[in-house]
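Single-structure report; data block below.
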Amino acid sequence: MVRKFGFLVAAILVLASICESAIFNPISESHRSAALEIFSPSDGSFGSLEETYEALRTFEVLGIEKKPDIRTSACASVVDTIWSTSSPLKDLFHALRLNGILKCELNNEALGGIASRLKDSLNDANSLFDFHYSVGGLVLIKDQISEVDVHLEDADKKFRSIKALSQSDGRWRISSSNTESSTDAAGIALETLAGVISLASSEIDQSLIATLKNDIVKLFDGIERYDDGACYFDEKLVDASRHQGPLSASSSVVRGITAFAAATSESLNLPGEKILGLAKFFLGIGIPGSAKDFYHQIDALSFLENIRQVFIFAGSIPLISSFPATVLSVTRKDQLKVRVSTVLGSASPPLSVKLMQIFTSGSKDASVVDQKLKFDADNAVHVLETLPANVGVGSYIFSFEVILDNPEDKKNYATGGRTKVSIHVTGVIKVDSSEIAILDSDLGSTETQKKLELPGENAISLSANHLQKLRLSFRLTTPFGHAFKPHQAFLKLRHESGVEHIFVVGNSGEKFEILLDFLGLVDKLFYLSGKYDIELTVGDSVMENSFLQPLGSVELDLPDAPEKAARPPPLPVNPYSRYGPKAEISHIFRAPEKRPPQELSFAFLGLVLLPLIGFLAGLYHIRANLKNLPKSTVPATFAFLFHLGIAAVLVLYALFWLKLDLFTTLKALGLLGIFLMFVGHKTLSHLASTSSKLKSS
């Protein structure tokens with residue numbers, strides 16, 4: 001029972017920690033293990049070209065070397081798609097993306113033909129996806145081979161055609177015929193326009209770029225935010241068939257802004273806390289359950305990891321503060337550790353972590369600490385070696401601040417200001433001065449008093465009447481010597497009939513004490529005299545030795561219940577009782593019929609057989625000739641069957657006597673009669689023929 005109660009307290013502790021604040025952990029080995037399970041090839045393939053690229057891209061970002069070997073089949077699909085003249089633009093785009101990872105054997109002629117086809121498709125493009133696949137394919141060819149000319153002569157015109165699909169709130173439409181706008185489409189459009197800029201043979205009009213930068217700022221103005229600082233782009237459900245969730249939309253925007261900044265080398269006026277909030281959103285998802293979501297998460301985090309390479313704005317690379325443990329045991333002398341890294345777990349630049357403030361859980365008052373944590377270079381963590389003097393066993397909110405040692409690093413990294421984390425300090429609570437006593441109501445003197453071992457084994461036995469009182473008291477002290485007030489302190493009395501009564505143990509400041517006056521409780525106890533088991537429950541989420549244990553029993557002698565006194569409630573029915581074994585089913589059979597004595601039955605059998613004996617005796621008396629049977633094969637067979645039929649009739653009579661009913665017997669007798677008539681006629685015909693021959697001779 002104590003073990004189960006401790007497990008319950010631990011579960012409450014974890015739940016309270018989750019509700020108080022969110023902990024964001026960078027990508028770890030658990031993601032790499034999950035990637036190998038989620039991206040599992042079937043029959044040597046991941047599926048389509050798009051799915052294959054997403055799997056290999058995820059493996060590449062996570063640095064997984066022992067990945068499935070699908071190069072041969074994947075490259076075969078890439079070559080077939082590129083050489084085919086009927087391949088859709090989408091398949092060509094994904095084939096080129098996949099070739100960028102696998103480096104398949106493609107010559108300049110194949111890529112040159114694809115480049116020419118993609119340029120022609122730009123002239124006929126009428127949707128954002130047509131522009132995206134065509135421009136994206138040309139950018140991929142440019143990155144993979146330099147001998148093929150992929151530059152756009154009319155880049156300004158293409159830029160304006162795509163820009164015409166933008167909306168005033170920073171979102172974009174899929175096509176001119178579609179009036180609904182999308183955040184996911186905004187990311188695709190930004191990535192496509194970045195490709196147009198990189199493919200332009202001449203410089204793009206700067207006014208167009210300035211307008212696009214303004215659209216990006218408007219897009220970020222509509223970003224959603226959680227209470228824990230995570231930011232994301234929501235997607236309105238305008239078309240269920242093309243709807244993308246927040247993860248896909250946010251990932252698309254991250255790809256778009258990084259591609260645009262890399263193509264223009266422009267500095268975007270975006271606040272660093274929003275970029276850090278996006279990183280927290282992707283990390284807060286944990287490990288997605290689907291391959292598509294897993295790819296979106298890892299791909300977006302890879303862009304945030306390498307965001308310094310595109311110079312988006314000052315303080316662009318998000319740094320994540322993670323906490324290996326937020327439950328610290330005073331008994332085990334645990335130390336608070338803080339690990340600061342990038343979103344993919346890479347090492348951070350030189351920095352310091354300071355504990356700035358400590359809030360008591362449930363209170364707005366804070367104490368200023370300003371204590372620097374010691375850096376452990378071997379484990380790459382910052383350690384709070386000793387807890388502040390004002391921290392005891394309990395729940396707190398620690399406020400940390402990450403400070404970069406090199407001021408120049410502030411241009412590249414975003415720390416997000418102060419980070420608040422819920423910390424639980426646990427310990428073994430000392431229980432002393434534990435006693436239980438029976439007091440006289442009139443004099444207040446102690447009649448019976450016994451010491452208790454809490455927690456420990458107790459088996460006290462007390463007795464009292466309705467004129468006496470029961471007093472239970474104990475003291476709780478933390479390892480630091482401070483008085484401790486748990487969340488739960490209950491005393492339970494359980495009558496031998498199963499009726500239970502629960503009382504809250506009050507806190508008088510120095511100790512916990514409860515006084516039960518049985519005279520005032522007779523109504524609540526339903527005037528039930530007899531034996532009551534005593535049980536004490538003391539527990540808290542930070543109390544390592546929470547306990548629920550029996551103390552013993554008390555024999556109460558209460559007066560008889562008046563006529564109008566309340567009756568005990570019916571005992572609750574165990575809901576699991578219906579799944580238990582049912583009562584044994586006893587079948588009731590018909591009583592056996594009364595039968596005659598066995599001697600009478602044998603006598604009747606003899607009487608039945610008597611005619612047969614008489615028949616045989618008569619045959620012998622009249623000297624019946626049984627030797628005149630036919631000797632030829634056919635007549636002898638009929639004669640044998642005739643006599644066999646007579647025997648069958650006799651057996652049928654016996655069966656009728658033993659078990660058959662009259663209806664069944666008559667049906668069988670009719671069939672045997674027909675059979676006997678036929679074989680008997682044949683036998684008699686033969687005998688008549690033989691007799692006539694003898695007379696004629």
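Screening region 551-572 for residues that are under 43 Å from the mean Cα position of the chain (by Cα) and of a type in the set (A, V, I, L, M, F, W, C) and picking the one that is surrounded by the most Cβ atoms within 10 Å (Cβ to Cβ) gives Leu551.
Screening Gly680, Gly645, Gly670 for residues that are of a type outside the set (A, V, I, L, M), touching a Leu at 6+ places or on another chain (Cβ under 6 Å) and either at pLDDT below 80 or open to solvent by less than 60 Å² (accessible area, probe 1.4 Å) (or both) leaves exactly one candidate, Gly645.
The single residue among Asp69, Asp80, Asp91 that is under 24 Å from Gly113 (Cβ atoms) and out of contact with any Leu (no Cβ under 7 Å at 6 or more places or on another chain) turns out to be Asp80. So, in region 362-384, of the ones that are polar (S, T, N, Q) and touching a strand residue (DSSP E or B) at 6+ places or on another chain (Cβ under 9 Å), which residue ends up surrounded by the most Cβ atoms within 10 Å (Cβ to Cβ)? So, considering only residues that are polar (S, T, N, Q) and touching a strand residue (DSSP E or B) at 6+ places or on another chain (Cβ under 9 Å), the one surrounded by the most Cβ atoms within 10 Å (Cβ to Cβ) is Gln371.
If we scan region 423-430, do we find a residue that is closer than 30 Å to Leu336 by Cβ and either of a type in the set (Ser, Thr, Tyr) or open to solvent by 70 Å² or more (accessible area, probe 1.4 Å) (or both)? Scanning region 423-430, I find at least one residue that is closer than 30 Å to Leu336 by Cβ and either of a type in the set (Ser, Thr, Tyr) or open to solvent by 70 Å² or more (accessible area, probe 1.4 Å) (or both), so the answer is yes. Checking Leu548, Leu536 one by one, the residue that is open to solvent by 10 Å² or more (accessible area, probe 1.4 Å), in the same structural domain as Lys450 (by TED's automatic domain parsing) and among the aliphatic types (A, V, I, L, M) is Leu548 and no other. A single entry from Ser352, Ser341 fulfils the requirement of being in contact with a Pro (Cβ under 6 Å, 6 or more places away or on another chain) and within 21 Å of Phe24 (Cα to Cα): Ser341. Total residues in region 332-357 satisfying the condition of being open to solvent by 40 Å² or more (accessible area, probe 1.4 Å) and closer than 30 Å to Val542 by Cα: the figure is 8. Going by the structure shown, is Ser329 touching a residue at least 60 places away in the same chain (Cβ under 8 Å) and open to solvent by less than 10 Å² (accessible area, probe 1.4 Å)? Yes: the conditions hold for Ser329. Looking only at residues of region 385-412 that are closer than 19 Å to Ser341 by Cβ and touching a helix residue (DSSP H, G or I) at 6+ places or on another chain (Cβ under 8 Å), we find that the one that is surrounded by the most Cβ atoms within 10 Å (Cβ to Cβ) is Leu404. Taking first residues from region 470-486 that are touching a residue at least 24 places away in the same chain (Cβ under 8 Å) and partners that are aliphatic (A, V, I, L, M) and open to solvent by 70 Å² or more (accessible area, probe 1.4 Å), the Cβ contacts under 7 Å between residues at least 6 apart in sequence or on separate chains come to Arg471/Leu515; Leu476/Ala483; Thr477/Ala483. For region 300-319, filtering for residues that are surrounded by fewer than 19 Cβ atoms within 10 Å (Cβ to Cβ) and at pLDDT 75 or above leaves 1. Tallying residues that are at pLDDT 80 or above and either assigned by TED's automatic domain parsing to the domain that holds Trp657 or closer than 19 Å to Val499 by Cβ (or both) within region 573-607 yields 0. Candidates Leu439, Leu491: the one that is over 30 Å from Asp334 (Cβ atoms) and either open to solvent by 70 Å² or more (accessible area, probe 1.4 Å) or modelled with pLDDT of 95 or more (or both) is Leu491.
Could you tell me whether Ala261 is part of a helix (DSSP H, G or I), in the same structural domain as Ile298 (by TED's automatic domain parsing) and open to solvent by less than 50 Å² (accessible area, probe 1.4 Å)? For Ala261, the condition - part of a helix (DSSP H, G or I), in the same structural domain as Ile298 (by TED's automatic domain parsing) and open to solvent by less than 50 Å² (accessible area, probe 1.4 Å) - is met.
Output the residues belonging to region 34-54 that are small (Gly, Ala, Ser) and open to solvent by less than 30 Å² (accessible area, probe 1.4 Å).
Result: Ala34, Ala35.
In this structure, is Gly187 open to solvent by less than 40 Å² (accessible area, probe 1.4 Å), modelled with pLDDT of 90 or more and not assigned by TED's automatic domain parsing to the domain that holds Asp234? Criteria not met by Gly187.
Among residues of region 156-183 that are over 16 Å from Ile209 (Cβ atoms) and open to solvent by less than 70 Å² (accessible area, probe 1.4 Å), those with a beta-carbon under 8 Å from a residue that is among the polar types (S, T, N, Q) and in a helix (DSSP H, G or I) at least six positions away or on a different chain give the pairs Arg171/Thr183; Thr183/Ser252.
The values are calculated or read from the model by the stated rules, or taken from the named source; none is laboratory data. All values reported here derive from a predicted model rather than from experimental measurement. Virtual Cβ from ideal backbone geometry, glycine too; neighbours counted across all protein chains shown. Surface accessibility is based on the protein's heavy atoms, side chains included, excluding ligands, DNA and RNA. Shrake-Rupley method; radii C 1.70, N 1.55, O 1.52, S 1.80 Å.
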